[in-house]
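Notes for the one structure printed next.
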Amino acid sequence: MKEKDKSKGIKRRAFLQTGGLFAASAMILPLSGYKVFDAVNDSQNENSIPSVMLNNGLDMPRLGFGTNTLKGDIGTRCVSDAISVGYRLIDTAKIYGNEESVGKGIKQSGIDREALFITSKLWVDDAGYESTKVAFETSLKKLELDYLDLYLIHRPRGDVKGSWKAMEELHMEGKIKAIGVSNFDADQLDDLMKNAKIKPAINQIETHVFFQEHLPYKDLKEKNVQMEAWSPFAAGRNGVFENQTLADIGKKYHKSNAQVCLRWHYQRGVVAIPRSSQKAHMIENLDIFDFELDKTDLKAIVALDLNTTQFPEWG
Ligand SMILES: NC(=O)c1ccc[n+]([C@@H]2O[C@H](COP(=O)([O-])OP(=O)(O)OC[C@H]3O[C@@H](n4cnc5c(N)ncnc54)[C@H](OP(=O)(O)O)[C@@H]3O)[C@@H](O)[C@H]2O)c1
């Protein structure tokens, strides 16, 4: 990381660790906060992942690495590989059963903890004030970390308000830099925000070219809550990697279907967290910052929207 960025990051971190509430942080923190998450990968090529400033002033990489299903030694190897090729945002969750593997991968990477952005999530069984505190400490212990950058309520089930209160306190104690939700619809978000002291920084939802979620997209923009895409490739469903429209677009720029998908998320301003078990794919998925989809491409992608989940079994 460049020295200038490093010192800016540390100053901001110090502030966040004092636990300023959203309103205060939004007013005090510099609004110019465009930061690049620099990384030199293991083949000596420099990668830079642009960041977005969340509504509490924290910088978050706009492209990260998902870890669902990557468990045990494979999980450790994948996280270590992902960090070595340039990823700085790592997304895990209690329910993935891989927080220990992710923690080992982080250690193995040898990268300074402060340069990383680590997300985990509270599972539905742990909803409620007391149980959230216990679940959070357990996640932290498994990850062998002493703070999280982002902690999300995984699904809107159970005593969400109790969980949120606990998460607000953990944020104010400096143990979580940003708190947010996942899989919340507009009404559930409104309900949570009614009594919240701290506004969610993120809503992580299913979105990809087949499920573009135009209404939540607009709603989250209006609420200044950052949208994050889970399954940015629809986990490979519906033939996304063979899709002819995406292939035709990719051909113009010498890019793959995966890269077209990720560039689309990026141009929408949505943070994406693609998963891969293959280093070559991890590298490919980072290589999206040297081309731009034009209006015709974007129009063709809009037409791919099926406006329905690709994961009906998770309903
Ligand atoms: N909050 C939630 O409720 C929720 C739900 C689901 C997921 N998530 C998060 O979102 C992350 C991503 O979603 P996901 O894991 O469901 O799926 P995804 O990232 O949409 O797709 C993963 C699949 O794409 C393949 N792939 C990756 N890069 C590729 C490339 N360049 N070319 C061809 N194939 C490629 C992978 O295969 P290879 O391994 O062979 O590369 C894997 O089969 C998860 O890992 C998790 O962190 C959150």
- Query: Farthest toward the dipole's positive end in the stretch 3-314, which of Ala258, Ile83, Thr67, given Cβ charges of +1 (Lys, Arg) and -1 (Asp, Glu) about the Cα centre?
  - Reply: Ile83
- Among Val124, Gln278, Ile198, whose Cα lies farthest out toward the positive end of the dipole of the chain, if unit charges sit on the beta carbon of Lys, Arg (+1) and Asp, Glu (-1)? Ile198
- Message: From the phi angles alone, apply the Karplus equation (6.51, -1.76, 1.60; θ = phi - 60°) to the stretch 195-207 and give each ³J(HN,Hα) in whole Hz, x where the residue is Gly or Pro.
- Response: 10, 6, 7, 10, 6, x, 8, 9, 10, 8, 10, 5, 7
- Item | For the stretch 76-117 and the stretch 196-229, distance of Cα centres in Å | 24
- Message: About the Cα centre, and with charges only on the beta carbon of Lys, Arg (+1) and Asp, Glu (-1), how big is the dipole of the stretch 174-288? Nearest 20 debye, please.
- Response: 460
- Item | Nitroxide proxy distance, nm - points 7 Å out along Cα→Cβ at Trp314 and Lys194 | 2.7
- Return a whole-number percent for the relative contact order of the stretch 3-314, with Cα pairs under 8 Å and 6 or more residues apart as the contact set. 16
- For Thr76, what is the net charge nearby, where nearby means another residue's Cβ is under 11 Å from its Cβ and Lys, Arg count +1, Asp, Glu -1? +1
- By per-residue mean of other Cβ atoms within 10 Å, what is the highest-first order of 301-307, 178-184? 178-184, 301-307
- Using 1/(1 + (r/R0)^6) with R0 = 22 angstrom and r between the beta carbons of Asp294 and Glu222, what's the FRET efficiency to the nearest 0.05? 0.25
- Message: Taking the Cα centre as origin and putting +1 on Lys and Arg beta-carbons and -1 on Asp and Glu beta-carbons, what dipole magnitude results for the stretch 3-314, to the nearest 20 debye?
- Response: 440
- Set the Förster radius R0 to 25 Å, insert the Cβ-Cβ distance between Leu306 and Gln267 as r into 1/(1 + (r/R0)^6), and round the FRET efficiency to 0.05. 0.80
- Once every DSSP H run of n ≥ 4 in the chain is given -39500 (n - 2.57) and the sum is divided by its residues, what mean residue ellipticity at 222 nm do you get, rounded to the nearest 500 deg cm²/dmol? -13000 deg cm²/dmol
- Item | Ratio Rg/Rh, restricted to the chain and using Cα atoms, in which Rh is the Kirkwood radius | 0.94
- Message: Please compute the modelled spin-label separation between Lys251 and Ala280, points set 7 Å along Cα→Cβ, answer in nm with one decimal.
- Response: 2.2
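Every number here is computed from the coordinates shown, using simple stated rules; none is lab data. Since the structure is predicted, the reported quantities are computational estimates derived from the model, not experimental observations. Cβ: placed from backbone, ideal geometry, glycine included. Neighbour counts: every protein chain shown.
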